[in-house]
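The block underneath contains the structure these notes are about, expressed in structure tokens.
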Amino acid sequence: MITLYSGPLSLFSRKVEIALREKALPFERIMVPFNQTTGYDPKHPEVVAINPKQQVPVLNDDGIVLYDSTVILEYLEDAYPEPPLFPLCPGARARCRLDELYADEIMLQALKPLMHRTSPPNTDQIRRLAQEADALIAEQALEKHYAVLEDRLAGREFFGDAVSVADIALFMGVLFSLRLGGPSLAPFDGLSRWFERLKLRPAFAQATVEIAEADRRLSFPLKRA
């Protein structure tokens, strides 16, 4: 039996959840308590014992214990290859990995300055103004990322020949951008249609709905223009 330690607003945990559901793999989910003030506090003792980074996701597959969403997704592909979430062709497989890296490491840097928007407002007004100034700069960077992704799609339905880890990671990056008040997808027709297409798939839809519900319970209301 697969056990996944997850978090209600953990982008990387939700990546793994989507992959497990796309592969139709049954799993037990242990949702680690989270709040917007102190984060994952108190830290789950099993997560702390397993992961030196003391973060979710952590996956236990009958004694095979893994952390880091990229490592977990590659393990799931090796252990449960059908249906595939990586292309078979080595070049396409490498491209898929680069797309995942783009979401997880490059887009994420532009998401971080927006994350204060769902936390309790900083009581230091100068600090609040500085945070929002940084966020506006980050929004410009996100628009540039959207343009890159629009070009990468090039009119295709997915970032590869079929839904893959690239789509999962990039979907989460775009979803978090939107939930944090990032730029609209409206000017990016292909990317917008790709995003809506994925939201129709049950695994992606469930993650989207659960994150929205977690925001209602845990996050400070986002001020929208």
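Using the Kyte-Doolittle scale, which helices in the chain average at least -0.5 and also have C-alpha atoms spread 30 Å or more along the helix axis, with helices defined as whole DSSP H runs?
Qualifying helices, which must be both long enough and hydrophobic enough, are 125-153.
Would you kindly work out the equivalent ellipsoid of region 67-169 from its C-alpha gyration tensor and give its semi-axes, the square roots of five times the eigenvalues, largest first in whole Å? Write out the running numbers ahead of the final one.
Details: eigenvalues 228, 58, 16 Å².
Over the Cα atoms of region 67-169, the ellipsoid semi-axes are 34, 17, 9 Å.
Under the Kirkwood approximation for Rh and a Cα-based Rg, what ratio Rg/Rh is obtained for the chain? Let's see the in-between values first.
On the way: Rg = 17.5 Å, Rh = 18.2 Å.
With Rg and the Kirkwood Rh in hand, the quotient comes to 0.96.
Mind checking region 10-93 for trypsin sites (Lys or Arg not before Pro) that DSSP puts in a loop (not H, G, I, E or B) and that have at most 11 other Cβ atoms within 10 Å?
Here the sparse-neighbourhood loop sites are Lys53.
Amide H to amide H under 5 Å from Phe220: which residues, 5+ apart in sequence or cross-chain, H placed 1.01 Å off N in plane?
Under 5 Å from the amide H of Phe220: Ser119.
Name the long-range amide H neighbours of Ile30: under 5 Å, sequence gap of 5 or more, or other chain; modelled H, no Pro or chain starts.
Distant-sequence amide H within range of Ile30: Leu4, Tyr5, Ser6.
Counting only residues 5 or more places away or on other chains, whose amide H sits under 5 Å from the amide H of Asn35 once H atoms are built in the peptide plane?
Those qualifying (amide H under 5 Å, at least 5 residues apart or on another chain) are Tyr40, Asp41.
Identify all lysines with a Cα-Cα distance to Lys43 below 16 Å; exclude those on the same chain that are fewer than 8 residues away in sequence.
Within the straight-line cut-off, Lys43 pairs with Lys53.
Go through region 130-170 and name the trypsin sites (Lys or Arg not before Pro) that are in a DSSP coil and have 15 or fewer other Cβ atoms within 10 Å of their Cβ.
Taking region 130-170 and a limit of 15 other Cβ atoms within 10 Å, the loop trypsin sites (Lys or Arg not before Pro) found are Arg156.
Do the sum for the chain: with -39,500 (n - 2.57) for every DSSP H run of n ≥ 4, divided by all residues, what is the mean residue ellipticity at 222 nm, to the nearest 500 deg cm²/dmol?
Here the helix-only value at 222 nm equals -16500 deg cm²/dmol.
Run the 1.4 Å probe and let me know the accessible area of Ser164, rounded to the nearest 10 Å².
Around 10 Å² of this residue is reachable by solvent.
Across 5 Å bins from the origin, how do the percents of Cα pairs in region 105-225 run, short distances first?
2, 10, 20, 22, 20, 13, 7, 4, 1, 0
Would you give the gap between the C-alpha center of region 27-70 and the C-alpha center of region 123-155, rounded to a whole Å?
First find each Cα centre; the distance between them is then 29 Å.
What does the convex hull of the Cα atoms come to per residue for region 121-179, in Å³? Can you show the working numbers first?
Values: hull volume 4.7 nm³, N = 59.
Given the Cα convex hull of region 121-179, per-residue volume reads 79 Å³.
In debye, nearest 20: dipole of the chain around its Cα centre with unit charges on the Cβ of K, R (+) and D, E (-)?
Approximately 680 debye in magnitude.
How much accessible area does Val65 have with a 1.4 Å probe, in Å² rounded to the nearest 10?
Answer for Val65: close to 60 Å² accessible.
Got a number for the accessible area of Ile2? Probe 1.4 Å, square angstrom, nearest 10.
My reading of the accessible area for Ile2 is about 10 Å².
The values are calculated or read from the model by the stated rules, or taken from the named source; none is laboratory data. None of these values were measured; they are calculated from a predicted model. Ideal geometry is used to build each Cβ from the backbone, glycine not excepted, and the neighbour counts take in all protein chains shown. For accessibility, only protein heavy atoms count, side chains too; no ligands or nucleic acids. Shrake-Rupley method; radii C 1.70, N 1.55, O 1.52, S 1.80 Å.
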